[in-house]
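Structure first, commentary second.
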Amino acid sequence: MSGSGSRSLSSGLRAARPAAFGADPSGARLERIRRSPHFANGVFVNPVGARVRPSGSAAAAMAKSYFRKDERVRRAPAGLIPVHSTTLADLARPPASGLRITWMGHSSVLAEIDGYRVLFDPVWGERCSPFAFAGPKRLHPVPVPLAALGPVDVVVISHDHYDHLDMPTIKELAGTDTVFAVPLGVGAHLEHWGVSADRIRELDWQEATKVGGLTLTATPARHFCGRGLRNTQHTLWASWVVAGDEHRIYHSGDTGYFEGFKDIGAEHGPFDITMIQVGAYSEFWPDIHMTPEEGLQSHLDLQGGRLSGVMMPIHWATFNLAMHAWAEPGERMMWATHGAGVTMAAPQPGEPFEPKSTPPVSPWWRGVSQQPVGGWAAWPPVGEQLDLVAES
């Protein structure tokens, strides 16, 4: 094939590329990526080694488990997931304590902190997929329309997977005045979708940016990236610390457990609330997502071993992304935190709460999920006085 023919084919493939794939970093952005101490041999690397995908016999066993009918039934709710009905009215009142958290489902969280509004990993789309007709579909509606949410000071993105970085949502937010805080390389996607470069703050691990009175710091995580058919590993993944004048909060993004949580806690903690990924875990990818018990340990690490702050599980209930039962992350985390004396928040999607008051912990998921063999264990525990005080 001639050189011009090759260029025509390449141009045609680029034109056919779905817009949701985003854009690969290039130019000065790519040069900055190559200078990162976390970029080696052409890819970003984890703080400790991580197996991203199963292979060989493990991949075959995963496929067999995925298509087993009885397990597929357990992975979806058995009824309509309750969504808080007065979210907008609740948000119209300022938080009395200066900190209020509203879980919108999966990893999407609105944090009102010291007079500012931070929106983490906003996914308002129907599917976490590059296609409108295929891919994991939302299991409950978004609690409030994005346009009705009101002004947001900063949108924080943890990484570029579809269940955390949603093109339709970003395009809608591109028409606002919000600032975007993202890991290295992710800005290429945002610019491709219409966000102006001067509103993007692109950070490497341990770099920080100021937005008004908030300091946002990108901290390490153990995960991976990629949106297109070619996974170039040219965008970074991160957890995030947001600190205001009075409060500090932590959002894990997606991550496997690693000792680095202790370092993050020592440098930036303790936190009023940690929002920790505890869903979509599997024995087939143990290094890149956490089980509820690992999530609990990460919270304790972030708090320096103290029984302080509130822990809220995220990355569950909204999309079917793993083989575990739909309600399992919430149920396991409820019992793990109770056993450790840690305060857990378990709000319904869209239910605002202030961590300094008693957070919601009723197991609402039980009413809309398959009951486990032997039934649900008694909650609160029979014969025990349930202690919901955050400080030990």
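The values are calculated or read from the model by the stated rules, or taken from the named source; none is laboratory data. All values reported here derive from a predicted model rather than from experimental measurement. Neighbour counts run over all protein chains shown; Cβ positions are idealised from the backbone, glycine included. Heavy atoms of the whole protein, side chains included, go into the accessibility calculation; ligands, DNA and RNA do not. Shrake-Rupley method; radii C 1.70, N 1.55, O 1.52, S 1.80 Å.
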- Message: Quick check on the range 113-128: of everything there that is part of a strand (DSSP E or B) and without any contact (Cβ under 8 Å) to a residue 60 or more places away in the chain, which residue is farthest from Leu321 (Cα to Cα)?
- Response: Arg117
- Message: Please go through the range 264-285 and give me each residue that is in a helix (DSSP H, G or I) and touching a residue at least 40 places away in the same chain (Cβ under 8 Å), ordered by number.
- Response: Ile264, His268
- Task: Determine the pairs where a residue that is over 30 Å from Pro270 (Cα atoms), located within the range 310-322, has a partner that is among the polar types (S, T, N, Q) and open to solvent by 10 Å² or more (accessible area, probe 1.4 Å) with Cβ atoms under 7 Å apart, the partner being 6 or more residues away or on another chain.
- Result: Ala322/Ser282
- Task: Give me a count of the residues in the range 184-206 that are closer than 19 Å to Asp153 by Cβ, touching a residue at least 24 places away in the same chain (Cβ under 8 Å), more than 19 Å from the chain's Cα centre (by Cα) and open to solvent by 10 Å² or more (accessible area, probe 1.4 Å).
- Result: 0
- Query: In this structure, does Thr337 turn out to be more than 19 Å from Thr87 (Cβ to Cβ) and at pLDDT 95 or above?
  - Reply: yes
- So which residues in the range 286-321 are farther than 20 Å from Asn46 by Cβ, open to solvent by less than 10 Å² (accessible area, probe 1.4 Å), in a loop (DSSP other than H, G, I, E, B) and of a type in the set (A, V, I, L, M), if there are any at all? Ala317
- For Val154, are the conditions met, namely being in contact (Cβ under 8 Å) with a residue 60 or more places away in the chain, closer than 16 Å to Pro352 by Cα, among the aliphatic types (A, V, I, L, M) and in contact with a strand residue (DSSP E or B) (Cβ under 7 Å, 6 or more places away or on another chain)? no
- Message: On the basis of being open to solvent by less than 10 Å² (accessible area, probe 1.4 Å), farther than 23 Å from Asn46 by Cα and either basic (Lys, Arg) or without any contact (Cβ under 8 Å) to a residue 40 or more places away in the chain (or both), does Ala346 make the cut?
- Response: yes
- Query: When the range 147-160 is examined, which residues are found to be surrounded by 18 or more Cβ atoms within 10 Å (Cβ to Cβ) and farther than 17 Å from Glu351 by Cβ?
  - Reply: Val152, Asp153, Val154, Val155, Val156, Ile157, Ser158, His159, Asp160
- Flag for Ala96 being more than 19 Å from the chain's Cα centre (by Cα), touching a residue at least 24 places away in the same chain (Cβ under 8 Å), farther than 25 Å from Ala197 by Cα and part of a loop (DSSP other than H, G, I, E, B): yes
- Note on the structure: Among the residues of the range 207-221, the number that are assigned to a loop (DSSP other than H, G, I, E, B) and buried (at least 24 other Cβ atoms within 10 Å of the Cβ) is 1
- Query: How do the pairs read when you match residues in the range 37-54 that are open to solvent by 40 Å² or more (accessible area, probe 1.4 Å) with residues anywhere that are at pLDDT below 75 and not aliphatic (A, V, I, L, M), using Cβ under 7 Å and keeping only pairs 6 or more apart or on different chains?
  - Reply: Val43/Gln233
- Item | Count of residues meeting criterion [farther than 16 Å from Ser308 by Cβ, among the hydrophobic types (A, V, I, L, M, F, W, C) and open to solvent by less than 30 Å² (accessible area, probe 1.4 Å)] in the range 244-285 | 3
- Task: Report the residue count in the range 349-367 for those that are without any contact (Cβ under 8 Å) to a residue 24 or more places away in the chain and open to solvent by 40 Å² or more (accessible area, probe 1.4 Å).
- Result: 1
